[in-house]
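Inspection log for the structure reproduced underneath, given as structure tokens.
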Amino acid sequence: MNELYEYIKTCKTEEEIITTIGESLKPFIKNLRREVTIEDFERLSIIPIKRISKYSSFKADEHIKSIEVEMEEVKNNIANIVPFTIDYYKQIKKKYGKGRERKTEIRSFDTIEATHVVAANEKLYINREEGFIGFGLRKEEYVCDCSDIDDIIVIRADGKYLISKIADKNYVGKDIMHAAVFRKNDNRTIYNVVYRDGMNGSIMAKRCPITGLTRDKEYDLTKGTKGSRILHLSVNPNGEAEILKITLKPRPRLRNLHLDFDFSQMVIKGKASMGNILTRYAIHRIEITEKMGSTLGGQKIWFDTEVHRLNMEARGNYVGEFQSVDRIIVFYESGIFCIYKPDLSVHFDEGITLIKKHDEHKIYTVVYYDESQKYYYLKRFVADLYGKEQNYLSEDSKCRLVLISEDDYPLFKIIFGGKHHGRAPEEIDAEQFITVKGFKAKGKRLSTFDIKKIEELEPVRFKNPEVNEGPASDDFPAIGPDTGEQMSLNL
């Protein structure tokens, strides 16, 4: 054996090892069957040959020295743990601070029921005659959207009703008159009922909410007499009432066959109440002649700025009193406005500038800055288009909202800057400056001079001289006057 490794013991670098192997092989090349390549030299240099070279020994010594230096540094840091920790966090801030600012915020949590906020990811279907209900009956009558954790209320023609967990297919009894998603502790949904007591008994009428039920237990809207039957049923989300025209069956000595009955004149009682006698005669037909508004009064609603939700517990800023037809309008700094139903389960986005009860005749005045044209603009418009987000700033260029006013005659003060800083401030009466246009209009440029600041002044003209204040208390004061029956939040 020709011990080539003896020649590379003194080599200190990888290149020197390769070169030495090549020189050492020259005397033996003539005896080899093929030409020797660089790859062959590298193959000969691999371990264990490398391990006996001074190159590997030197590398190992350097590695050991670096470990010893690191150990000394660690011992020193432990001995000075407080300044080391401070410097460590300073380096983290320097390395990861700029451009990586915290985007989360600390806010309070609201008490939320899952059934109020879960997505309506299913559709409820019903077979009234056969008595089946569920989200799997896709060929049957559609009822409403629901979620897979909702409870369902079912009212049958015999006066029986129950609460059941939603399922793919569930038998709840034949002759279903009403089925819907059940909202627990809902005192504002009022059921107006006309029923016959027994097979030939009196005709009764009642108004009641349905709350606090045990699931899958049958209850009765009637007295419970055998043969009872519901003749009329209406479900009213905000306590609405109706006027009925009742036609009686003809019989001897019965002269007047028509009756008018106004549900709004009835007192709302508990679900177990028997109701009042409407007539003792048999009924041929019942018709609704007039739909009326809520008999409960409006819902007073507040906006909680901590959790960005509406509530009826007087938390936050008072928004207004809402009937079933009323809506709420929200303006955002991003240039978006949207008109919603006042749904307590809705979580509003950040950047709210104005939230109030919607008035379809209300004129809003907006001042904004057009980044592309470098000018300030003013526009006045009426907000409409319920249920869809709308951009009230320019959609063609990047714009920044300066302020929004809901005054009838807003007044603004323009303070000039830049090369026009010596120019005297100007006052702009918005109502005289520009007419009311659509919310998508560009608006009118405020000035061609450099503007430093725009301020809203107290108006000197008012459309309604009498100003009403919303409800206030020591704990939850109203946030300011408004010209209607609601207060607004201008953040």
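The values are calculated or read from the model by the stated rules, or taken from the named source; none is laboratory data. Predicted model only: the values in this text are computed from it and were never measured. Quick reminder, even Gly has a Cβ in these numbers, built from the backbone with ideal geometry, and neighbours come from all protein chains shown.
Might you let me know whether the range 216-232 holds any residue that is within 30 Å of residue 341 (Cβ to Cβ) and in a loop (DSSP other than H, G, I, E, B)?
The answer is yes, given that some residue of the range 216-232 is within 30 Å of residue 341 (Cβ to Cβ) and in a loop (DSSP other than H, G, I, E, B).
Within the range 125-146, which residues are surrounded by fewer than 17 Cβ atoms within 10 Å (Cβ to Cβ) and either out of contact with any Phe, Trp or Tyr (no Cβ under 9 Å at 6 or more places or on another chain) or assigned to a strand (DSSP E or B) (or both)?
Selection gives 129, 141, 142, 144, 145.
Output the residues belonging to the range 173-211 that are of a type in the set (A, V, I, L, M) and either in contact with a Ser or Thr (Cβ under 6 Å, 6 or more places away or on another chain) or not assigned by TED's automatic domain parsing to the domain that holds residue 247 (or both).
Filtering the range 173-211 down to residues of a type in the set (A, V, I, L, M) leaves 176-177, 179-181, 190, 193-194, 199, 203-205, 210.
The one that is of a type in the set (A, V, I, L, M) and either in contact with a Ser or Thr (Cβ under 6 Å, 6 or more places away or on another chain) or not assigned by TED's automatic domain parsing to the domain that holds residue 247 (or both): 203.
Could you pull out the residue among 162, 244 that is out of contact with any Ser or Thr (no Cβ under 6 Å at 6 or more places or on another chain), within 22 Å of residue 284 (Cβ to Cβ), buried (at least 16 other Cβ atoms within 10 Å of the Cβ) and touching a residue at least 24 places away in the same chain (Cβ under 8 Å)?
244
Considering only the range 336-366, state which residues are more than 16 Å from the chain's Cα centre (by Cα) and hydroxyl-bearing (Ser, Thr, Tyr). Give the derivation first.
At the first step, the residues of the range 336-366 found to be more than 16 Å from the chain's Cα centre (by Cα) are 353-354, 356-366.
Within the range 336-366, 353, 364, 365 meet the criteria.
Can you tell which of 325, 330, 307 is touching an Asp or Glu at 6+ places or on another chain (Cβ under 9 Å), assigned to a loop (DSSP other than H, G, I, E, B) and in the same structural domain as residue 431 (by TED's automatic domain parsing)? Walk me through how you get there before you give the answer.
Details: 325 fails: touching an Asp or Glu at 6+ places or on another chain (Cβ under 9 Å); 330 fails: assigned to a loop (DSSP other than H, G, I, E, B).
Every option except 307 fails the conditions.
Here's the yes/no breakdown for (1) at pLDDT below 80; (2) β-branched (Val, Ile, Thr); (3) surrounded by fewer than 10 Cβ atoms within 10 Å (Cβ to Cβ):
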position: 37; (1), (2), (3): no, yes, yes
position: 43; (1), (2), (3): yes, no, no
position: 48; (1), (2), (3): yes, no, yes
position: 56; (1), (2), (3): yes, no, no
position: 70; (1), (2), (3): no, no, no
position: 77; (1), (2), (3): no, no, no
position: 83; (1), (2), (3): no, no, yes
position: 104; (1), (2), (3): yes, yes, yes
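Checking residue 361 against (1) buried (at least 16 other Cβ atoms within 10 Å of the Cβ); (2) part of a loop (DSSP other than H, G, I, E, B), which single condition isn't satisfied?
So residue 361 meets the others, but not (1).
Could you tell me whether the range 285-297 includes any residue that is under 45 Å from the mean Cα position of the chain (by Cα), of a type outside the set (S, T, N, Q), closer than 24 Å to residue 223 by Cα and part of a loop (DSSP other than H, G, I, E, B)?
no
Before we move on, is residue 227 in the same structural domain as residue 135 (by TED's automatic domain parsing) and either more than 40 Å from the chain's Cα centre (by Cα) or of a type in the set (S, T, N, Q) (or both)?
Working: in the same structural domain as residue 135 (by TED's automatic domain parsing): yes; either more than 40 Å from the chain's Cα centre (by Cα) or of a type in the set (S, T, N, Q) (or both): yes.
Answer is yes for this residue.
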